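Enquirer: After the structure tokens below, expect a handful of questions from me.
Throughout, read-outs are computed from the coordinates displayed, never taken from laboratory work. Keep in mind that this is a model prediction, so the values were computed, not measured. Cβ placement follows ideal geometry from the backbone for every residue including glycine, while neighbour counts extend to all protein chains displayed.
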Amino acid sequence: MVMTTGTPNLTDRGAAILCESAQAVKAAVDLPIQGQCEPPDEDLWFQRMKACGIDSLGMHLEAVTPEVRARIMPGKAGLTMARYMDAFDAAVAVFGRGQVSTYILAGLGDTAEAILEVSQHLIAKGVYPFVVPFVPITGTPLENHPAPTPAFMAQILPTLGAMLKQARLLSQDIKAGCAKCGACSALASYEV
Ligand code: SF4
């Protein structure tokens, strides 16, 4: 099960409602759960989420270059990349290597090189970078923003898949979550 939240506040940033929700689900059914939130203000939330039944965690960078982050997600960009990296370390210490992941949307302005460079850094931390092509959705502010070309994705996914394979950080080993589902990216097909 994938359980996501927006940013309901600027303190726990969704961790508290995920705890409450995971506890209720686990009381009814023993289903692997991935929680998804922004890095909370206290790393203690990672232990709380794990104790409440969250098996794996997603904290989504979305974009990796400062200019793109500020343009695409001015609110979320308030949390620095450095804070994300610290939070990834703290979360991996709780959930384990390969049980923490991050969504990165290709096609919003980051270069393929920037995405691969950050991905390499994440893989070294034990974090799975789930790189997904951006898809414009009608009725949203980015409805006219183009999706990346297949050629652009081909600059990223085969190389990233090989990096993941070499690090033995595989989507199939994640207990639950987007990388395990894999429906939004062809990345898993390059891990084999
Ligand atoms: S990969 Fe896509 S379809 Fe699968 S759980 Fe995540 S958002 Fe949903």
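Enquirer: Residue by residue through region 170-186, note down the ones that are more than 10 Å from the ligand (Cβ to nearest atom) and more than 20 Å from Ile33 (Cβ to Cβ).
Expert: Ala186
Enquirer: I'd like the full set of residues that are out of contact with any Leu (no Cβ under 9 Å at 6 or more places or on another chain) and surrounded by 20 or more Cβ atoms within 10 Å (Cβ to Cβ), limited to region 170-192.
Expert: Selection gives Ile174, Cys178, Lys180.
Enquirer: Condition (residue is closer than 24 Å to Thr7 by Cβ, more than 16 Å from the ligand (Cβ to nearest atom) and charged (D, E, K, R)) applied to region 90-99: is it met by at least one residue?
Expert: no
Enquirer: Can you tell me which residue in region 156-192 is nearest to Val100 (Cα to Cα), limited to those that are part of a helix (DSSP H, G or I) and of a type in the set (S, T, N, Q)?
Expert: In this case the residue turns out to be Ser171.
Enquirer: What's the number of the condition Thr159 fails, among (1) surrounded by 13 or more Cβ atoms within 10 Å (Cβ to Cβ); (2) among the β-branched types (Val, Ile, Thr); (3) within 16 Å of the ligand (Cβ to nearest atom)?
Expert: The number of the failed condition is (3).
Enquirer: Moving to a separate point now. Sort out which residues of region 126-155 are part of a helix (DSSP H, G or I) and within 16 Å of the ligand (Cβ to nearest atom), and write them in order of number.
Expert: Met153
Enquirer: For the structure I just gave you, tell me whether Thr102 is of a type in the set (S, T, N, Q) and either surrounded by fewer than 22 Cβ atoms within 10 Å (Cβ to Cβ) or in contact with a Lys or Arg (Cβ under 6 Å, 6 or more places away or on another chain) (or both).
Expert: no
Enquirer: May I pose another question? Which residues, taken from region 1-50, are of a type in the set (A, V, I, L, M), farther than 24 Å from Gly75 by Cβ and either surrounded by 14 or more Cβ atoms within 10 Å (Cβ to Cβ) or within 16 Å of the ligand (Cβ to nearest atom) (or both)?
Expert: Residues satisfying the conditions are Met1, Ala22, Val25, Leu31, Ile33.
Enquirer: Sticking with this one: Working carefully through the options Ala114, Ala82, find the one that is small (Gly, Ala, Ser) and touching a residue at least 24 places away in the same chain (Cβ under 8 Å).
Expert: Ala114
Enquirer: If you scan region 67-99, which residues turn out to be in contact with a Lys or Arg (Cβ under 8 Å, 6 or more places away or on another chain) and buried (at least 21 other Cβ atoms within 10 Å of the Cβ)?
Expert: Arg69, Phe88, Phe95, Gln99, listed by residue number.
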